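Below: the structure, in C-alpha cells.
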Amino acid sequence: MHRTLVLSAILLSLCVAGSAFARGVDVDKINGSIQIESGQQAGDLSTVNGSIRIADGASAQKVSTVNGGIDIGERASADSLETVNGGIQLGAGAKVAKTVEAVNGSVQLGKGANIAGHVSNVNGRFTLDAAHIGGGIETVGGDIEIGADSRIEGGILVDKQHGWFNWGNSKPRIVIGPRAVVQGTLEFRREVDLFVSDSAKIGTVTGATPQKFPGDHP
C-alpha cells in the first residue's frame, strides 16, 4: 500500500510539472516590453509602459499591457488580449481563444486570423482581412472595416458615449466588404455611416440605414 501511494504521488507530481512546463512561465514587468520568441510557450504576460510581442508560432495565456501595444505573429496564439492606450495586431492565422479588448487603440486582424470571443474598444479602428470573430464587435467611436470574406458572429454594437468622456463628434464609418458575413444584430446607438457590399450578408440593422455599394470599396 505504501509503495502504491508513493508511486501515485510521483506520477501526480510529474503530471503537474508537465502541465506547468507546457503552460510556460508568467512574465510581469513595469516600464519594459516583453518578447516571446518564435515557437516558445509562455504563461500570463503583463506589463505597464511597454509593448508585448508574441512571435510567429509562439503562444501565451492572458496578455495585458497599459500604455503599450500587443503584436501577435503569424500562427501564434493566446488565451485573451487586453490593452489600455495601445493597439492590437494579429498576424495571418493567429488565434485568440477568448476575448480581445483595447481602450484607445486599434484592432487589426490579418488574413485568416481567428478570435473566438468578443472584441471591443472605446476608440480606435477595427480592420479585418478575411478574418473571423466569434463573439461580435463593440465600440463607441471606432471605425470598422470588415474586409472581403471576413465572418462575424454575434453582431456589431456601436454604443453611445457615456459619462464625462468625449471621444469625438465624427461619425464612425462602418464598411462591410464583399462576401463578408455578419450574423446577429447590427445595432447603432449613435449616428454612423454604414456601407454594405452588395455581395455581403448581414443580420437585422437598427439605428442606421445601410448604403449598398458594388465592387471592392464604397
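Please work out which residue is surrounded by the most Cβ atoms within 10 Å (Cβ to Cβ), limiting yourself to region 64-76 and to residues that are assigned to a strand (DSSP E or B) and polar (S, T, N, Q).
Filtering first and then ranking leaves THR65.
If you scan region 169-189, which residues turn out to be touching a residue at least 40 places away in the same chain (Cβ under 8 Å) and either of a type in the set (D, E, K, R) or under 16 Å from GLY141 (Cα atoms) (or both)?
Matches in region 169-189: VAL175 only.
Can you tell me which residue is surrounded by the most Cβ atoms within 10 Å (Cβ to Cβ) among those in region 28-63 that are more than 22 Å from ARG75 (Cβ to Cβ) and among the hydrophobic types (A, V, I, L, M, F, W, C)?
Looking at residues that are more than 22 Å from ARG75 (Cβ to Cβ) and among the hydrophobic types (A, V, I, L, M, F, W, C), I get VAL48.
I need the full set of residues from region 77-91 which are small (Gly, Ala, Ser) and without any contact (Cβ under 8 Å) to a residue 24 or more places away in the chain, in order please.
Matches in region 77-91: SER77 only.
Applying the selection to region 83-115, what residues are of a type in the set (A, V, I, L, M, F, W, C), within 18 Å of ALA58 (Cα to Cα) and surrounded by fewer than 18 Cβ atoms within 10 Å (Cβ to Cβ)?
Passing the criteria: ALA92, ALA97.
Would region 128-147 turn up any residue that is assigned to a strand (DSSP E or B), without any contact (Cβ under 8 Å) to a residue 40 or more places away in the chain and over 28 Å from VAL66 (Cα atoms)?
No: region 128-147 contains no residue that is assigned to a strand (DSSP E or B), without any contact (Cβ under 8 Å) to a residue 40 or more places away in the chain and over 28 Å from VAL66 (Cα atoms).
Could you tell me whether region 19-34 includes any residue that is over 18 Å from ILE133 (Cα atoms), in a strand (DSSP E or B), under 18 Å from the mean Cα position of the chain (by Cα) and among the β-branched types (Val, Ile, Thr)?
No; the residues of region 19-34 include none that is over 18 Å from ILE133 (Cα atoms), in a strand (DSSP E or B), under 18 Å from the mean Cα position of the chain (by Cα) and among the β-branched types (Val, Ile, Thr).
Could you list all residues from region 166-218 that are farther than 23 Å from GLY124 by Cα and buried (at least 21 other Cβ atoms within 10 Å of the Cβ)?
ALA200
Which of the residues belonging to region 77-105 are in contact with a Lys or Arg (Cβ under 7 Å, 6 or more places away or on another chain) and either more than 22 Å from GLU37 (Cβ to Cβ) or of a type in the set (A, V, I, L, M, F, W, C) (or both)?
Within region 77-105, ALA92, ALA94 meet the criteria.
Name, by its number, the condition in (1) assigned to a loop (DSSP other than H, G, I, E, B); (2) at pLDDT below 50 that does not hold for SER13.
In the conditions (1) assigned to a loop (DSSP other than H, G, I, E, B); (2) at pLDDT below 50, SER13 misses (1) alone.
Of these, VAL103, VAL181, VAL107, VAL196, which one is of a type in the set (Val, Ile, Thr), more than 14 Å from the chain's Cα centre (by Cα) and under 30 Å from ALA78 (Cα atoms)?
Result: VAL181 is the single residue among VAL103, VAL181, VAL107, VAL196 that is of a type in the set (Val, Ile, Thr), more than 14 Å from the chain's Cα centre (by Cα) and under 30 Å from ALA78 (Cα atoms).
For VAL175, all conditions in the list (1) within 30 Å of GLN61 (Cβ to Cβ); (2) not in a loop (DSSP other than H, G, I, E, B) hold save one; what is the number of the exception?
The failed condition is (1).
Looking at GLY24 and the list (1) surrounded by fewer than 18 Cβ atoms within 10 Å (Cβ to Cβ); (2) more than 24 Å from VAL119 (Cα to Cα), which single condition is not satisfied?
The one condition GLY24 does not meet is (1).
The values are calculated or read from the model by the stated rules, or taken from the named source; none is laboratory data. Every value quoted in this text rests on a predicted model; they were computed, and no experiment measured them. Backbone-built Cβ (ideal geometry, glycine too); neighbour counts: all protein chains shown.
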